[in-house]
Amino acid sequence: MSKVLYVHAKGGPPVGHALTRVAARSAVHLLALSELPPGVADGAAGLCASAVTAPEADGRDLVELITSRAREVGADAVLTFSEYAVVAVAEACRKLGLKGAGAAADLARDKRLMRATWDRHGIPQPRFRAVTSLSELEQATTELSCPLLLKAAWSAGSTAHQIIDKPEDAPHAWRRSREVMAESAQLGFAELHVSGASEDFIVEEIVTGCAEEWFDGPGWGDYVSVEGVVVDGVFRPVCLSGRMPTVAPFTERAGITPAALGNGAQRGIVELARRAVDALGLENCGTHTEIKLGADGRMWVIETAARFGGAMTVPQIEEVFGLDLVGMFTDQLLGGSPSWPKRALTPADATGAAGSLVVLAVNGDGTPWSRRHRWDSSVVVRTAPVGTGSTLSVVRESSLPDGSPVPVYDPAAGANTMAGLCLLSADRPQSVVRDFTALVDALPRILPTDITEGVHA
């Protein structure tokens with residue numbers, strides 16, 4: 001039987017979902033660089049032929065740790081679904097002579113290199129500058145047009161984002177973004193291979209989106225993601241996922257599969273994603289490419305990643321399109337020929353729709369909740385105002401334990417201040433948007449009040 005070394009770190013699809021699907025294809029040897037979520041560890045013990053925990057690589061060189069462990073277990077493939085381990089695993093696969101993302105993996109991780117590559121290939125994107133110091137940021141504010149968005153070059157999950165409305169805002173934005181990156185590293189949400197990655201940033205102009213020109217119904221955000229895979233250097237699009245509007249500054253609130261777009265619009269978006277992915281020169285990896293949608297058909301590529309989309313994107317695709325992306329990708333790395341879609345799938349190919357909602361202490365209009373609340377998954381599932389035919393559940397491994405205080409939303413920390421993750425199935429994409437809109441409005445009414453903190457958030 002074939003053997004796979006599964007490198008686990010924070011982020012990506014739920015490890016409980018991914019691990020079972022890899023185990024269905026091969027013997028799995030787990031290398032955990034971060035602690036497994038509660039409730040997953042016991043199941044992992046039964047799924048894995050071996051399991052080694054090495055928090056933060058225990059100070060060892062991460063690539064050497066991965067390659068050594070792969071040789072010890074005789075791995076035929078090494079994979080990860082975490083943004084923070086992508087570069088290390090790609091380099092380890094190169095050293096081992098195994099299929100992987102390839103030498104260009106860092107181009108799909110370091111936003112500075114990514115944007116510079118796209119600039120050379122003429123890919124439409126917001127104007128930007130790479131910055132490593134406050135003086136460079138201040139210089140960039142004179143070269144670009146405000147408002148600007150400062151973001152960490154190696155971040156994920158909308159962490160460390162700061163809006164600069166005028167040049168005088170630069171010192172505060174620089175200080176706060178660096179603070180958040182340090183805090184994120186303490187939580188395990190940081191690049192694991194590249195030293196000093198938390199010091200690298202980019203600043204970009206904020207382009208204006210226009211969701212209403214792309215979607216027929218209300219409630220959609222002004223960007224989408226193209227989910228796909230690269231097979232031996234060839235990009236294979238799978239489908240598009242839509243979004244609800246972000247929470248300021250740009251924290252994702254909800255993702256919906258499929259995106260309710262017309263075929264013509266989808267073809268144009270997919271072609272732009274293809275150009276962006278092709279420019280990076282990846283070899284074998286999942287891809288997740290975000291594209292901003294503007295007026296009059298304008299589009300800008302925001303970023304891409306050499307891994308599948310995080311949160312519940314992968315389970316959503318499996319539910320509505322019947323594609324086990326994790327299992328198929330495992331087969332690909334093991335030398336198989338899985339049947340990837342011949343074209344990007346559309347709403348007409350889907351069976352219903354699915355979406356995931358990040359629970360943040362923010363109302364639908366962007367204002368913070370007026371009181372502190374405690375997280376209670378059973379209350380949410382039992383009383384959520386979803387439509388007839390819709391089914392709501394809570395992803396426990398991605399949620400706080402019941403009874404935990406819901407964190408006050410911090411715009412700079414983004415998804416780090418989430419309380420829970422909800423999954424909804426419905427008959428069509430617009431129904432998901434409708435139900436999530438109602439749920440966001442209802443959450444501060446249905447969640448119990450935190451009586452230990454009776455002050456406004």
Could you check segment 1-81 for helices (runs of 4 or more DSSP H) lying wholly inside it with 3 or more residues that are over 22 Å from the mean Cα position of the chain (by Cα) and touching a residue at least 40 places away in the same chain (Cβ under 8 Å)? 62-73
Yes/no for residue 421 being in contact with an Asp or Glu (Cβ under 9 Å, 6 or more places away or on another chain) and surrounded by 18 or more Cβ atoms within 10 Å (Cβ to Cβ): yes
Within segment 189-248, strands (runs of 3 or more DSSP E) holding 2 or more residues that are closer than 15 Å to residue 355 by Cβ and out of contact with any Lys or Arg (no Cβ under 8 Å at 6 or more places or on another chain): 234-243
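Yes or no, residue by residue, for (1) over 27 Å from residue 2 (Cα atoms); (2) modelled with pLDDT under 95:
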site	(1), (2)
311	yes, yes
325	no, no
342	yes, no
346	yes, no
359	yes, no
374	yes, no
392	yes, no
I'm trying to understand the selection: among the residues of segment 225-270, which are closer than 22 Å to residue 207 by Cβ and among the polar types (S, T, N, Q)? 225, 241, 246, 251, 266
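The rows are residues; the columns are (1) at pLDDT 95 or above; (2) touching a strand residue (DSSP E or B) at 6+ places or on another chain (Cβ under 7 Å); (3) closer than 16 Å to residue 303 by Cα; (4) not charged (D, E, K, R).
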site: 89; (1), (2), (3), (4): yes, yes, no, yes
site: 93; (1), (2), (3), (4): yes, yes, no, yes
site: 104; (1), (2), (3), (4): yes, no, yes, yes
site: 107; (1), (2), (3), (4): yes, no, yes, yes
site: 115; (1), (2), (3), (4): yes, yes, yes, no
site: 122; (1), (2), (3), (4): yes, no, yes, yes
site: 125; (1), (2), (3), (4): yes, yes, yes, yes
site: 130; (1), (2), (3), (4): yes, yes, yes, yes
Is it the case that residue 49 is more than 23 Å from residue 422 (Cα to Cα), of a type outside the set (S, T, N, Q) and buried (at least 17 other Cβ atoms within 10 Å of the Cβ)? no
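Yes or no, residue by residue, for (1) of a type outside the set (Val, Ile, Thr); (2) more than 20 Å from residue 258 (Cβ to Cβ); (3) in contact with a helix residue (DSSP H, G or I) (Cβ under 6 Å, 6 or more places away or on another chain):
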{"position": "323", "(1), (2), (3)": "yes, no, yes"}
{"position": "334", "(1), (2), (3)": "yes, yes, no"}
{"position": "345", "(1), (2), (3)": "yes, no, yes"}
{"position": "369", "(1), (2), (3)": "yes, yes, yes"}
{"position": "390", "(1), (2), (3)": "yes, no, yes"}
Please find, within segment 79-133, the residue that is surrounded by the most Cβ atoms within 10 Å (Cβ to Cβ) out of those that are in contact with a Lys or Arg (Cβ under 7 Å, 6 or more places away or on another chain), more than 30 Å from residue 170 (Cα to Cα) and aliphatic (A, V, I, L, M). 86
Every residue from segment 276-321 that is more than 21 Å from residue 244 (Cβ to Cβ) and either in the same structural domain as residue 156 (by TED's automatic domain parsing) or among the small types (Gly, Ala, Ser) (or both): 276, 279, 281, 286, 297, 306
Checking the structure you have, find out if any residue of segment 109-123 is within 24 Å of residue 289 (Cβ to Cβ), free of Cβ contacts under 8 Å to residues at least 40 places away in the same chain, small (Gly, Ala, Ser) and in a loop (DSSP other than H, G, I, E, B). yes
Given the criteria of a type in the set (Lys, Arg) and under 21 Å from residue 354 (Cβ atoms), does residue 428 qualify? yes
Residue in segment 214-265 that is modelled with the lowest pLDDT, counting only those that are in contact with a strand residue (DSSP E or B) (Cβ under 9 Å, 6 or more places away or on another chain) and among the acidic types (Asp, Glu): 252
Which of the residues spanning segment 249-277 are in a helix (DSSP H, G or I), in contact with a Gly (Cβ under 9 Å, 6 or more places away or on another chain) and of a type outside the set (Gly, Ala, Ser)? 270, 274, 275, 277
Kindly indicate whether residue 272 is assigned by TED's automatic domain parsing to the domain that holds residue 326, crowded, with 23+ Cβ neighbours inside 10 Å and modelled with pLDDT of 95 or more. no
I need the full set of residues from segment 278-312 which are in contact with a strand residue (DSSP E or B) (Cβ under 9 Å, 6 or more places away or on another chain) and assigned to a helix (DSSP H, G or I), in order please. 278, 280
Using the structure shown, decide if residue 224 is in contact (Cβ under 8 Å) with a residue 24 or more places away in the chain and either more than 30 Å from residue 329 (Cα to Cα) or in contact with an Asp or Glu (Cβ under 8 Å, 6 or more places away or on another chain) (or both). yes
Segment 151-188: number of residues that are part of a loop (DSSP other than H, G, I, E, B) and either hydrophobic (A, V, I, L, M, F, W, C) or buried (at least 22 other Cβ atoms within 10 Å of the Cβ) (or both): 7
Please enumerate the residues belonging to segment 377-399 that are among the hydrophobic types (A, V, I, L, M, F, W, C) and buried (at least 19 other Cβ atoms within 10 Å of the Cβ). 380, 384, 386, 392, 394, 395
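If you check 54, 24, which single one turns out to be in contact with a strand residue (DSSP E or B) (Cβ under 7 Å, 6 or more places away or on another chain) and not acidic (Asp, Glu)?
54
The values are calculated or read from the model by the stated rules, or taken from the named source; none is laboratory data. Given the structure is predicted, the values throughout are model-derived calculations rather than measurements. Every residue, glycine among them, receives a Cβ derived from its backbone with ideal geometry; neighbour counts consider all protein chains shown.
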